[in-house]
Amino acid sequence: MSKSRKKVFMVKIIKYVVLSVVGIIFMAPLIFLVSNSFKTFSQIIQFPPSLIPKPFITTNYTALFDSTDPNYISFPTFIVNSLIVSVGVVIGTVISTVLVGYAFARLPCRLKNFLFIILLSTLMIPPSVLVIPIFKIYRDIHFLNTLKALIVPAFFGNAFFIFFMRQYIMGIPYELDEAAYIDGASRFTILWKILLPLCKPVIISVVVLEFVWTWTDFYTPLIYLTSESKMTLAVGLAMFQGQRQALLGLLAAATVISIVPMVVLFLAAQKYFVEGISFSGLKS
Amino acid sequence: MKRRFTKISSVILAAALLASAFTGCGSQDSAKKSNDQVTTIRYARWGLPEEMNGTKKIIAAFEESHKNIKVTLESSSWDQYWEKIQTEIASNTAPDVMLMDGGWYLTQFAPKGILADIGPLMEKDKISKDDYFNVWQTFTYNNKIYSMPRDYNSIVLYYNKSLFKAAGITEVPNGNMTWDQIVKLAQKLTLDKNGKNATEPGFDPNNIEQYGLYVPYDNVDSTIETLIWQKGGRLMSVDKNTCQIDSPESKSVLQFLYDLNYKYHVSPTYSAALKYGEEQFPTGKFAMVYQGSWLQSSLADAKFDWDIAVAPSFDKKVYCTQSVGNAILTTSSNQEAAWEFVKYMSGKEGQTIMAQSKDSIPVLKDVAENFYVKLPGNPQNKQAIFDEAVSSVPNVDFKQKSTIYDAIKNIEPLYFNKKATLDETVNNILAKVKSIQNSAN
């Protein structure tokens, strides 16, 4: 008995050691990023690199918000733009994917499977192929250089998340729908009152994933936005990267600030997120 | 059946409504524009925040003196710029004026007829080429000028005055030195971990703490091509069809760069140098570095004293100078306003504002020689940057240039890392260049 307990203890220790080592390896870039954001430029480029900033400076952070600084970019505007876009896209994606995912999972329709295959096949089209046609459409409907170009498409569905949502809803027992139907509930009431509460984990996963993807999306804002006042953070950060040199200190500070919302959101939604991804919320 | 039809038609109706709502607000925008008296032009450029803020100051001054023109600045970072411009050109939403790196990108734009020939405009406004440093070749394609030069750069020799002082060396680099003289100086400034320099017996080349000299091995245009010119050779033939990396002159340059590391021990190895990126000199561990004048902004918080000198030479005094210009797009419907703005940026007012904000070096001789060189602060010897303009390697774009130069850059480490002999490396490069040229034809 005590021998097996000892063994369990040893296994636990080994597990923790391995996990800590791997954890440190994964944390290292982040720790360096934070430490770099408090260093002077000459210390950042020092080789071998050191972890402790000396001297410890905060000007990298203050310069981001000081419009008189020679290296000022409209950083606060970028944050606001990124928030508007990310929140807008998340709302759009959730509304559209819940509705379409529900339809694919539950509604009877003759061509349903065919339509679903068409939907999935859009995932296979490389996004770069679509850039010029979409660009031309946006130009004609005057979406270029407006945040609409980034937000509105989210309200028209997202093949990946529709698939995600459909699979999850299909896993919910149909008997629940039937019971409600017998009690006189409409399709919409079933979705709203019965399915949505059960879909909480998957919706939160969609929220987290879509928020992070939109927040870090570089390509879309780069192509469709032109003026600095409309730029989002991901593209704004690249402005610190020049043709030949980079403002490493400012870049590090700006990056630290830019990852805060993602970390906060992830921590808040962690419990549901893991559940939603692993589909462990299915009760049948 | 009927019910389904009404459902479908209602969806279509709703979509149409939505679409009309969007187009509705769009057309309002354009209507507003045409009613105004003011012309708005769009100016696209890449650059660091510092350069953007400098440009904003120029735009503000321009708008002040040209009340009927407004300029919108569209900024991107260098990596994104070219892809973005090409997408915009393809979809007819190109800006009116764009920043042009003529030495590397002109042949991607000029042959397509999308850049305006500014020669006649210069003639009309009596702007002389001689008022500017001789960078015009960079912007010339088929005898037509496609950009107005905006700034100027040259590759100079940076030296760390503090390290010279610490070593007790009073002879500092001056523009008349040869590479051999510089190497001799560098040997005295290369220190191992016991503090011995490279000329002393017992010097340990495996544990060097401070390097005497660094000449970037991987800069094909500024290092390799320029040094070959100094030897009297060429990297590419006059018609740009043949790579001459196998000429005795070219090979002696590669040999020289190799010797800096393995024979004189004054430079880090190819791979050791890469860990510093382009920032060797600001670390303070290099006594002399051959690098572009753009490095100055990285030295703002340097803890040592430094200055620059005209680059060393071999047999001929030929230097690497570069310029970036502003081009007007033929698709622009505001050609006159665009030219006014381009002219202003390259004119005395624009160049002075640019020199003042210190983000770029002026290319207009008047401002460079009477204003920029007198600005306070390091480097003291700002004149060295302009002295190199007297004789420089023409920085001209040609078909496949960047692919060919990248191939050279990617293959040469074989030699510098001792993976292949000089001849093997050179033949390898020639074969690669051939295949690049064949695939393009």
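Readers should treat all values here as calculations from the given coordinates under stated rules, not as data from a laboratory. Treat the numbers as computed from the prediction; the structure is a model and nothing was measured. Cβ sites come from the backbone with ideal geometry, for glycine too, and all protein chains shown count toward neighbours.
Using the count of nearby Cβ atoms within 10 Å as a rough guide to exposure, how do B:66, B:265 rank from fewest to most?
Exposure proxy ranking, most exposed first: B:66, B:265.
Could you go through segment B:314-331 in sequence order and give the Karplus-derived ³J(HN,Hα) for each residue, using 6.51 cos²θ - 1.76 cosθ + 1.60 with θ = phi - 60°, rounded to whole Hz, and x for Gly and Pro?
Working through the residues one at a time gives 8, 6, 10, 8, 10, 10, 9, 10, 9, 8, 10, x, 10, 10, 9, 8, 5, 6 Hz.
What nm distance separates the two modelled labels at residue A:50 and residue A:243, each placed 7 Å from Cα along Cα→Cβ?
Taking the two extended label points, one gets 3.5 nm.
Which ³J(HN,Hα) values in Hz, rounded to whole numbers, follow from the phi angles of segment B:356-365 under the Karplus curve 6.51 cos²θ - 1.76 cosθ + 1.60, where θ = phi - 60° and Gly and Pro get x?
So the J values, rounded to whole Hz, are 5, 6, 6, 8, 9, 9, x, 10, 7, 4.
Be a star and scan segment B:425-441 for residues whose amide nitrogen sits under 17 Å from the point 7 Å along the Cα-to-Cβ vector of residue B:246.
Inside the label zone: B:425-438.
Can you give the FRET efficiency for residue B:305 and residue A:125, using 1/(1 + (r/R0)^6), R0 = 56 Å, r = Cβ-Cβ distance, to the nearest 0.05?
0.45
Mind giving me the nanometre distance, one decimal, between the label points for residue A:137 and residue B:209, set 7 Å out from Cα along Cα→Cβ?
For the pair residue A:137/residue B:209, the computed spacing is 6.5 nm.
Please compute, for peptide A:236-242, the average count of beta-carbon atoms on other protein chains lying within 10 Å of each residue's beta-carbon.
Mean shielding by partner chains, rounded to a whole number: 6.
For the protein assembly as shown, what proportion of DSSP beta bridges, expressed in % and rounded to the nearest 5, is antiparallel?
If we restrict to bridges inside the protein assembly as shown, about 65 percent are antiparallel.
Pairs of alpha-carbon atoms within less than 8 angstrom and 6+ residues apart define the contacts here; what relative contact order does segment A:2-65 have, in percent?
26 percent
State the antiparallel share, in %, of DSSP beta bridges confined to chain B, rounding to the nearest 5.
Close to 65 percent.
Run the reach check for residue B:418 against lysines, Cα to Cα strictly under 17 Å, same-chain hits fewer than 8 apart removed. What comes back?
Cα-Cα hits under 17 Å: B:251, B:263, B:409.
Using modelled backbone amide H atoms (1.01 Å from N, in-plane), which distant-in-sequence or interchain residues come within less than 5 Å of residue B:76's amide H?
B:45, B:46, B:47
Got a sec? How would A:237, A:83, A:19 order by Cβ neighbour count within 10 Å, fewest to most?
Neighbour counts put them in this order, fewest first: A:19, A:83, A:237.
Could you give the size of the charge dipole of segment B:176-290 about its Cα centre, using +1 on the Cβ of each K and R and -1 on the Cβ of each D and E, expressed in debye and rounded to the nearest 20?
Magnitude of the dipole: close to 220 debye.
Which helices, counted as full DSSP H runs in chain A, have an axial Cα extent of no less than 15 Å and a Kyte-Doolittle average of 0.5 or above?
The answer, listed by residue number, is A:2-36, A:75-106, A:127-140, A:159-171, A:200-216, A:248-278.
In segment B:150-215, what trypsin sites (Lys or Arg not before Pro) fall in a loop by DSSP, with at most 11 other Cβ atoms inside 10 Å?
For trypsin sites (Lys or Arg not before Pro) across segment B:150-215 that sit outside H, G, I, E and B with at most 11 neighbouring Cβ atoms in 10 Å, the list reads B:193.
List the aspartates and glutamates whose alpha-carbon lies under 20 Å from that of residue B:112, not counting same-chain residues fewer than 8 positions away?
Residue B:112 reaches B:83, B:88, B:96, B:101, B:397.
Using alpha-carbon positions, what is the distance between the centroids of segment A:105-173 and segment A:187-262, in Å?
Result: 18 Å between the Cα centres.
Compute the distance from the alpha-carbon center of segment B:238-257 to that of segment B:137-199, in whole Å.
About 22 Å separates the Cα centre of segment B:238-257 from the one of segment B:137-199.
Can you tell me which of A:175-184, B:356-365 comes out highest on packing, and rank the rest after it, using the mean Cβ neighbours within 10 Å?
By packing density, highest mean first, the sequence is B:356-365, A:175-184.
When the Karplus curve 6.51 cos²θ - 1.76 cosθ + 1.60 is applied with θ = phi - 60°, which whole-Hz ³J(HN,Hα) does each residue of segment B:231-248 get, with x for Gly and Pro?
7, x, x, 9, 7, 10, 5, 4, 7, 6, 8, 10, 8, 10, 5, 8, 6, x
Other chains' Cβ within 10 Å of A:224-230 residues: what's the mean?
For this peptide, the per-residue mean of nearby foreign Cβ atoms is 4.
Using only DSSP helix segments of four residues or longer, with each worth -39500 (n - 2.57), what per-residue ellipticity at 222 nm results for the protein assembly as shown after dividing by its residue count and rounding to 500?
Mean residue ellipticity at 222 nm (helix-derived): -16500 deg cm²/dmol.
Quick query: amide H of residue B:70 versus all other amide H atoms, modeled in the peptide plane; which residues come in under 5 Å with a sequence gap of 5 or more or a different chain?
B:39, B:40, B:41
Name the residues whose placed amide hydrogens come within less than 5 Å of the amide hydrogen of residue B:150, ignoring near sequence neighbours (fewer than 5 apart) on the same chain.
HN-HN under 5 Å from residue B:150: B:324, B:325, B:326.
Taking the Cβ of each residue in A:255, B:199 as the centre, tally the other Cβ atoms inside 10 Å and list the residues starting with the fewest.
B:199, A:255
Among the aspartates and glutamates, which fall within straight-line cross-link reach of residue B:365, defined as a Cα-Cα distance under 12 Å, with same-chain neighbours fewer than 8 residues apart omitted?
Excluding near neighbours in sequence, the set is B:130, B:131, B:151, B:387.
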